[in-house]
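K.L.:
Quick one: the structure is below, and I'll ask about it shortly.
What follows is calculated from the coordinates using simple rules that are stated; it is not laboratory data. Everything numeric in this text was worked out from a predicted model, so none of it was measured. Cβ placement follows ideal geometry from the backbone for every residue including glycine, while neighbour counts extend to all protein chains displayed.
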Amino acid sequence: MHPHGLTTKIFLDGGDPGETREIIKLLGFLDGQTTNPTLISKNPEARERLKKGDKYTEEEIYRFYKNVVGEISTLIPQGAISIEVYADLSTGAERAVKNKMRVNMTLCFSQEQAAAVYAATSGAGRGDVFVSPFIGRIDDRGENGMALIANIINMYRKGDGHVMVLTASVRTFDHLMYALHLGSDIITAPYNILKEWGEKGLPMPGKDYVYDYKNLKDIQYKDFNLSRNWQGFDVNHDLTVTGMEKFSADWNSLVK
């Protein structure tokens, strides 16, 4: 049962169906799940196999990934399951959208990148495109990641709403509370954060909630024209590059 007044969809960020079962039992609901090669590499079955020095063949790892996602899908039959796929700096979103595929543009670290996602996916239906700003990784470099969420939400209010903001890389309970306060379309949080929320009785932030970003540097809002061609935006960001490299390395660590 969703808490009264909750409009944000709650996803679990993980690659272990056992955690999915526990969170559903604790919260009483779950709207979806996000997973990626890093999370799959932390799956208990995968860790046990790797501990023995037995890596997967390419065929085996694809089958394992598919089976994990399939099991999660049966646990959240009406929910959305976001699956990380291989991408590099030359990979675009337009082809997927034209083929009516739902996409989640992850590893977003700037408002301009989010503007480019909006422009590149123009014409998509609401719910078919997610953008996932990774707030924890922005905090790690001394900037206020939650300000990026606020800025993107404010920017998208000028548009048609076809891109949903998915707050990702949630590290703290306050991240969760402020994302709820801002009205993020979706929040994906790891097991420990959702467990804490559930054990506290699924509290919701009040209207007077104030997020304390401590000594983090604030990120200023920028005014972007969302009707521009997406190629006119600067989509480069060092954290995006290192993020893709990390996902690739974790995936390769599973394969013989």
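K.L.:
Students often forget the sequence filter, so: which lysines lie under 25 Å Cα-Cα from residue 158 once same-chain residues fewer than 8 apart are removed?
P.N.:
9, 98, 100, 207, 222
K.L.:
Further question on the same structure: Tell me, what is the percent relative contact order of the chain, built from C-alpha pairs under 8 Å that lie six or more residues apart? The partial results should precede the final answer.
P.N.:
Values: 410 pairs, mean separation 68.0, N = 256.
Here the relative contact order equals 27 percent.
K.L.:
Can you give me the long-range amide H partners of residue 56? Hydrogens built in the peptide plane at 1.01 Å from N, cutoff under 5 Å, separation of 5 or more residues or another chain.
P.N.:
Those qualifying (amide H under 5 Å, at least 5 residues apart or on another chain) are 255, 256.
K.L.:
Another question, then. Average the reciprocal distances over every distinct pair of alpha-carbons in the chain, invert the result, and give the Kirkwood radius in Å.
P.N.:
Details: mean 1/r = 0.0527 Å⁻¹.
Answer for the chain: a Kirkwood hydrodynamic radius of 19.0 Å.
K.L.:
If you don't mind, there's one more thing I want to ask. Under 16 Å between alpha carbons, and skipping anything fewer than 8 positions from residue 246 in its own chain: which lysines qualify?
P.N.:
Residue 246 reaches 42.
K.L.:
List the residue ranges in the chain for DSSP H helices whose C-alpha atoms run 20 angstrom or more along the long axis and whose Kyte-Doolittle average is -0.5 or above.
P.N.:
Values: long enough: 58-75 (26 Å, -0.36); 238-252 (21 Å, -0.46).
The qualifying helices are 58-75, 238-252.
K.L.:
Give the average over all directions of the projected area of the C-alpha convex hull of segment 212-256, one decimal, in nm².
P.N.:
Working: hull surface 24.8 nm².
Mean projected area of the Cα convex hull: 6.2 nm².
K.L.:
According to a simple spin-label model (label point 7 Å from Cα along Cα-to-Cβ), what is the distance in nm between residue 26 and residue 208?
P.N.:
Each label point lies 7 Å from its Cα, and together they span 3.0 nm.
K.L.:
Using a cut-off of under 19 Å, list every residue of segment 6-48 whose amide N is near the label point 7 Å from the Cα of residue 85 along the Cα-to-beta-carbon line.
P.N.:
Those under the cut-off are 33-40.
K.L.:
With each pseudo-label sitting 7 Å past Cα toward Cβ, what's the residue 54-residue 237 distance in nm, one decimal?
P.N.:
Placing both labels 7 Å beyond Cα along the Cβ direction yields 4.0 nm.
K.L.:
Shifting gears a bit: Which order do the peptides 107-117, 194-204, 217-227 take when ranked by the mean count of other beta-carbon atoms within 10 Å per residue, highest first? Walk me through the intermediate numbers first.
P.N.:
Values: 107-117: 23.8, 194-204: 14.8, 217-227: 12.7.
Highest-to-lowest ranking by the protection proxy: 107-117, 194-204, 217-227.
K.L.:
Once you place label points 7 Å from the Cα toward the Cβ at residue 245 and residue 2, how far apart are they in nm?
P.N.:
Here the answer is 4.1 nm between the modelled labels.
K.L.:
Sticking with this structure for a sec: Please list the non-local residues whose amide H lies under 5 Å from the amide H of residue 34, H modeled 1.01 Å from N, same-chain partners needing a gap of 5 or more.
P.N.:
12, 13, 14, 82
K.L.:
Mind listing the phi-derived Karplus ³J(HN,Hα) values for segment 125-133, rounded to whole Hz, using 6.51, -1.76 and 1.60 with θ = phi - 60°, and x for any glycine or proline?
P.N.:
Karplus values, whole Hz, x for Gly and Pro: x, 4, x, 8, 9, 10, 10, 10, x.
K.L.:
Can you put 74, 167 in order of Cβ neighbours within 10 angstrom, beginning with the fewest?
P.N.:
With the sparsest Cβ surroundings first, the list reads 74, 167.
K.L.:
Compute from the Cα atoms of segment 164-223 the Rg and the Dmax, the latter being the longest Cα-Cα distance, and quote both in angstrom.
P.N.:
My reading of the Cα-based Rg and Dmax gives 12.3, 40 Å.
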